[in-house]
1. Of the numbered conditions (1) over 24 Å from L283 (Cβ atoms); (2) open to solvent by less than 10 Å² (accessible area, probe 1.4 Å), L102 fails exactly one; give the number of that condition.
2. Output the strands (runs of 3 or more DSSP E) that fall wholly within segment 338-433 and possess 3 or more residues being among the aliphatic types (A, V, I, L, M) and modelled with pLDDT of 95 or more, or say none.
3. Does F348 meet the test of being open to solvent by less than 20 Å² (accessible area, probe 1.4 Å) and either more than 13 Å from W282 (Cβ to Cβ) or among the β-branched types (V, I, T) (or both)?
4. Considering each of I66, I33, I58, I38 in turn, give the residue that is among the β-branched types (V, I, T), surrounded by fewer than 21 Cβ atoms within 10 Å (Cβ to Cβ), part of a strand (DSSP E or B) and touching a residue at least 24 places away in the same chain (Cβ under 8 Å).
5. Of everything in segment 316-333 that's without any contact (Cβ under 8 Å) to a residue 40 or more places away in the chain and of a type outside the set (F, W, Y), which residue is farthest from the ligand (Cβ to nearest atom)?
6. Looking at segment 136-163 only, could you name the residues that are among the aliphatic types (A, V, I, L, M) and open to solvent by less than 20 Å² (accessible area, probe 1.4 Å)?
7. Only residues that are more than 11 Å from the ligand (Cβ to nearest atom), in a loop (DSSP other than H, G, I, E, B) and touching a residue at least 60 places away in the same chain (Cβ under 8 Å): list them for segment 79-90, please.
8. So E262 ticks every box in (1) open to solvent by less than 20 Å² (accessible area, probe 1.4 Å); (2) assigned to a helix (DSSP H, G or I) but one. Which box is left unticked?
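The values are calculated or read from the model by the stated rules, or taken from the named source; none is laboratory data. Given the structure is predicted, the values throughout are model-derived calculations rather than measurements. We place every Cβ from the backbone using ideal geometry, glycine too, and count neighbours over all the protein chains shown. When the accessible area is computed, the model is the full protein with side chains, heavy atoms only, and any ligands, DNA or RNA have been set aside. Shrake-Rupley method; radii C 1.70, N 1.55, O 1.52, S 1.80 Å.
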Amino acid sequence: MEAKSLKEAKLLKNGLLIDGTGNEVQHGVDVLIEGNKITAVGKNLSVPETYAANEVDIIELNGKTIMPGMTEAHLHLTWQDALYIQDIDFKPIEETMVTAILNAETLIKSGFTSAVSAAARGRVDIAIRDAINRGEFVGPRLLANGAEVSATGSFVDLQPNHVRVHGLAILADGEDAVRRTVRSLFKEGADLVKVNVSGESLSAHARGEMTLYTYKEVRAAVEEAHARGKRVYTHARSSDSVKICVEAGVDIIGHADFIDDEAFEMLVANKDRLFVVPGLNWLVSTLEHGAEYFGQEAIDATGYAEGLQIALKNMRRLYKAGVRVLPGGDYGFKWCPHGGYARDLEHFVKLVGMTPMDAIVSATKYGSQIMEMEDRIGTIEVGKLADILVVDGNPLDDISILQDHSKLNVILKDGEYIARTLEISHEAETARV
Ligand SMILES: [Zn+2]
């Protein structure tokens with residue numbers, strides 16, 4: 001990758017600005033990007049005199065939407081659109097690595113310029129994060145995770161006891177084992193760790209309503225993470241598991257579907273420090289397509305149909321109470337493949353009842369907060385890094401257009417083109433006085 005020249009600028013002209021703050025849209029807005037930063041936002045901006053005419057790319061948008069790049073808040077780069085979770089568990093790590101690199105590219109080309117991993121196999125995330133940061137290949141800003149810290153008998157304990165491979169989980173029972181595992185994951189370079197506190201109803205012996213870790217085990221993980229300035233991301237569907245997470249100081253709670261009133265109040269009381277990522281598309285897509293692969297009986301047995309309704313009701317009330325609910329949908333299975341990430345925004349609008357603007361804020365501004373990069377990304381404001389999308393159409397009128405990659409006319413990360421289908425022009429020398 002070429003070194004970034006500061007003598008390189010881009011001027012996006014005449015866009016519909018959705019700036020990510022939740023403020024009203026503005027028409028006819030120009031955005032100037034110098035190097036990797038947004039340096040001006042306003043009407044009728046001109047090419048700064050300090051540049052030669054050919055140093056500034058001018059892109060005429062004709063009213064297309066300018067918005068911040070989005071954040072996928074529940075990513076699994078190492079899930080390779082598998083049919084069975086066992087396929088993920090058993091796939092040789094070398095092949096997994098190749099697919100994960102391709103998934104990183106798919107993610108950013110889907111308009112998601114940053115992502116929080118919610119677990120990965122081996123050191124794959126870590127190696128990919130570092131390679132992206134070195135500019136060796138294209139991908140999002142990534143918070144890397146490691147294998148899922150899980151109790152024996154949890155839903156990711158997929159192997160018969162007489163066969164153990166280094167799969168998607170590390171089994172750790174008891175406080176000491178959890179501590180040791182979490183320490184080793186951070187030693188390897190993870191930004192955060194994933195802890196499975198509840199079960200998951202695709203697995204009959206460890207259903208979503210079951211709580212599979214104790215408070216002390218979860219607290220041990222949190223202590224080890226926080227001692228290093230790092231965070232814990234949990235899988236927590238059952239009400240008790242969510243209560244344990246809040247009490248133990250967990251930072252990011254995945255799912256939170258089955259919360260009772262007490263768990264709801266606990267989340268609300270802690271809304272300034274934690275995030276909820278429901279992973280709704282996992283449920284929606286499994287209900288839509290699961291029967292094609294597994295038969296209706298198996299899908300009925302998961303209880304997902306009822307579970308989805310409960311999850312929607314709870315997400316609605318969390319959203320109304322001001323809890324930050326973020327998009328992220330466990331993509332990486334045959335029936336919910338990588339690339340569909342923006343479906344979660346549509347679910348937020350159509351199923352949870354968010355306004356389209358709030359769904360975009362959750363994917364952008366809240367995304368920057370879960371990335372711990374609020375001062376640098378997530379909104380289109382002067383001084384922020386240029387992670388920007390140009391969308392053909394207005395996602396406030398139809399949120400589903402964000403799923404159509406052909407409508408993502410320009411994708412910029414850190415001021416560089418990741419995708420561009422619009423023409424660039426340069427100011428003619430003669431235009432200069
Ligand atoms: Zn997940």
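1. (2)
2. 388-391, 408-413
3. yes
4. Details: I66 fails: surrounded by fewer than 21 Cβ atoms within 10 Å (Cβ to Cβ); I33 fails: surrounded by fewer than 21 Cβ atoms within 10 Å (Cβ to Cβ); I38 fails: surrounded by fewer than 21 Cβ atoms within 10 Å (Cβ to Cβ).
Just one listed residue meets the conditions, I58.
5. As a first pass, look at segment 316-333 and keep what is without any contact (Cβ under 8 Å) to a residue 40 or more places away in the chain: 316, 319-320.
Those left that are additionally of a type outside the set (F, W, Y): 316, 320.
Values: R316: 22, K320: 25 Å.
Per the criteria, the residue is K320.
6. Of all residues in segment 136-163, those among the aliphatic types (A, V, I, L, M) come to 138, 142-144, 147, 149, 151, 156, 158, 163.
L142, A144, A147, V149, A151, V156, listed by residue number.
7. Hits for segment 79-90 are Q80, D81, L83.
8. Among (1) open to solvent by less than 20 Å² (accessible area, probe 1.4 Å); (2) assigned to a helix (DSSP H, G or I), the lone unmet condition for E262 is (1).
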